[in-house]
Structures are given as C-alpha cells and as structure tokens.
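Please read the structure below before turning to the comments.
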Amino acid sequence: MKKLRKVIEIIDPVYVMEGAGVRLKRSIATQKLDYLDPFLLFDHFGSDDPEDYILGFPMHPHRGIETVTYLLDGVVNHKDSMGNSGILEGDDVQWMTSGSGIIHEEMPRPYNGKMEGFQLWVNLPAKIKMTTPRYQEIKSSKIPEIKSEDGTIVKIIAGEMRGVKGAVTDIFADPIYLDVNIPAGSSFEQPIKPGHTVFAYVFQGEGTFEDLDHKSQEQEIIIQATKLAIFGDGDYIKAKSKDTPFRFLLISGKPLNEPIVRYGPFVMNTSDEIEQALKDLQNNEFVK
Ligand code: FE2
C-alpha cells in the first residue's frame, strides 16, 4: 500500500535583508532551519513598495550550488560573467547552475506596481561542484501546465506529473518543482520518490495536507499562507482545500548526505574549498 507523507514540521518565514537592501521572507537558511538537504535556501521576495527591493542584488559570486528563480509578478533584469543578460518576467523561471563560479546581478523591477517571486538554492554534489556554469531560462509559455476538471492548475517547472515532464531537465537533485493552485473544495495528489526530501511553501489561501476520514476532520491541521511545511517519508502527498483556493509550491529532491560548509554565496564540502573560493575571487581567478 502506498504511504501518505505527513507534515512533520511547519516553518514560519522570517524577514531578512539581502543583496544591497532587499527585504524578503526566508524559510530555509535561518537559525531555525539551516538547510533541508539538498535545499540550502528558500526566499520569498516581493512587496507593493519598490523601496523594499529596488536596490536589488548587484554583482555577486556563487560557487558550488544552483539558484532557481521563479517569478510571479514584476521583472528581474539579470546579467552575468558568462556574457549572458536577459529579463525574467511573470511566471518565467531561471535554473542557474553556478558550478565552479559565476558572478551575476539580479535587479528586480515592478510591473503594474507589483513584484513577487521565489529563490531556491539547490546543492551540487562534490563531484560536480566545479562543473562548467550554465543556466536554463524558461519563458512562462514553455512551462507545461495541467488543468484538471475540478479547476486545479499545476505548472510543472521541474519533475513529472501524470506523465508530463517539466520545463527544466538534467538537474542532479532529480527535483520536482510544481506550482499547485487548487480551487476551493478540491484536492490534489502527487507521488514523491521515497527517500527524497519534500516541502510545500503555501503562499496563497489555506488548506491541509492530511487525509483524515470524515469524523476526524475537525482535528485537521489547516496551513495558511505563508508557511513552509516539511513532509516525512512515504510515497505521495495529498493536498485539500477548504472554503478558499489553496496555492503552494511543491518542491522535492534527492538528499546528497555530504558535508556542507557555507560562506554566503559559496557552498562547498570543506573550509579549504571556501578559502580557495575567496582567494580565487581576490586574484581575479574566480570565473574559470
Ligand atoms: Fe545570485
């Protein structure tokens, strides 16, 4: 019999300042939750007040990780040390593999007065931490979407749902990254490989990830936006909405079980490798 994954912890995001002065909500890479192998950081940015983000993230380095930006509203202008530059717009995604090193700039701008999105950091295993940098940038029109009869809409950024493959492929962590939007009074199920880490970031409305019989439903734990729910092991997750729509990101990946030494935007396996990254940066040898 397939085993339902139960929520084992609910995390309240904390406000932090990042970049040149961007106020954002952080759920992973905090005092409470350092990392959730293979995920190293999870940020939710966005505000109706451009003062909260307009200074953005000027040129900064990354090594040893992947940064994943999924934008709901607004625009992010970006450019990097590989000579790339571009614009992320609403519902676009960028999956950047920093590998041996990239220096880039990410500058959020409002569109119709709005700006909102997410950044996830995914760890790379020791054997490919120093791989050649690359990125996959996917326009919203290229992100597969499944609309169910009950009105549930799922955007498949990575991973697979009902045989439909996500837009981003060839990622070591074998990730699932879904944007799930369930209308009131509906439900949704998604298989997750046993042993993989999985969390849901609830950012609109409320709902439950339990599957109780009718009698015990008053004991159901309702999770309201904005919170991060971590699941225990099993084969699948189930989400149910009540009287409101329920929207969340569902993110899973294979844990690496390797030592983690982090220093700001560098995440390596040893402190020697961190020192090397700092030296490379000083000596202008960071970008290979
Ligand atoms: Fe960055």
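The values are calculated or read from the model by the stated rules, or taken from the named source; none is laboratory data. Just so it is clear, the model here is predicted, and its values are computed rather than measured. All Cβ positions, glycine included, derive from the backbone under ideal geometry; neighbour counts span all protein chains shown. Ligands, DNA and RNA are stripped out before the accessible areas are found, and what is left, the full protein with its side chains, is counted by its heavy atoms. Shrake-Rupley method; radii C 1.70, N 1.55, O 1.52, S 1.80 Å.
Brief remarks on what is shown
- Filtered residue count, the range 50-107, keeping only those that are hydrophobic (A, V, I, L, M, F, W, C) and closer than 24 Å to Phe39 by Cβ: 12
- Glu137 being closer than 30 Å to Arg23 by Cβ and open to solvent by 60 Å² or more (accessible area, probe 1.4 Å): yes
- Residues of the range 175-222 classified as within 24 Å of Leu41 (Cα to Cα) and of a type in the set (Lys, Arg), total: 1
- Test for Thr132: is it among the β-branched types (Val, Ile, Thr) and either in contact (Cβ under 8 Å) with a residue 60 or more places away in the chain or in contact with a Gly (Cβ under 6 Å, 6 or more places away or on another chain) (or both): yes
- Condition check for Ile157: crowded, with 18+ Cβ neighbours inside 10 Å, more than 20 Å from Thr244 (Cα to Cα), at pLDDT 95 or above and aliphatic (A, V, I, L, M): yes
- The lone exception for Lys288 - which of (1) under 25 Å from the mean Cα position of the chain (by Cα); (2) away from the ligand (no atom under 16 Å from the Cβ) it fails: (1)
- Among the residues of the range 241-288, just one is open to solvent by 40 Å² or more (accessible area, probe 1.4 Å), under 23 Å from Tyr70 (Cα atoms) and touching a Gly at 6+ places or on another chain (Cβ under 6 Å), namely Pro245.
- Residue satisfying all of: in the range 1-25; open to solvent by less than 70 Å² (accessible area, probe 1.4 Å) and of a type in the set (Lys, Arg); nearest to the chain's Cα centre (by Cα) among these: Lys25
- Qualifying strands (runs of 3 or more DSSP E) (wholly inside the range 234-276; at least 3 residues being in contact (Cβ under 8 Å) with a residue 12 or more places away in the chain and among the aromatic types (Phe, Trp, Tyr)): 236-253
- Residue under evaluation Ile28, criteria (1) within 29 Å of Glu285 (Cβ to Cβ); (2) within 16 Å of the ligand (Cβ to nearest atom); (3) buried (at least 22 other Cβ atoms within 10 Å of the Cβ), criterion not met: (1)
- Selected residue [closer than 26 Å to Gly264 by Cβ, in contact (Cβ under 8 Å) with a residue 12 or more places away in the chain and in contact with a strand residue (DSSP E or B) (Cβ under 8 Å, 6 or more places away or on another chain)] from Pro108, Pro125, Pro144: Pro108
- So Phe172, is it in contact with a helix residue (DSSP H, G or I) (Cβ under 7 Å, 6 or more places away or on another chain) and among the aromatic types (Phe, Trp, Tyr): yes
- Residues being of a type in the set (A, V, I, L, M, F, W, C), away from the ligand (no atom under 16 Å from the Cβ) and over 17 Å from Asp37 (Cα atoms) - total across the range 250-285: 2
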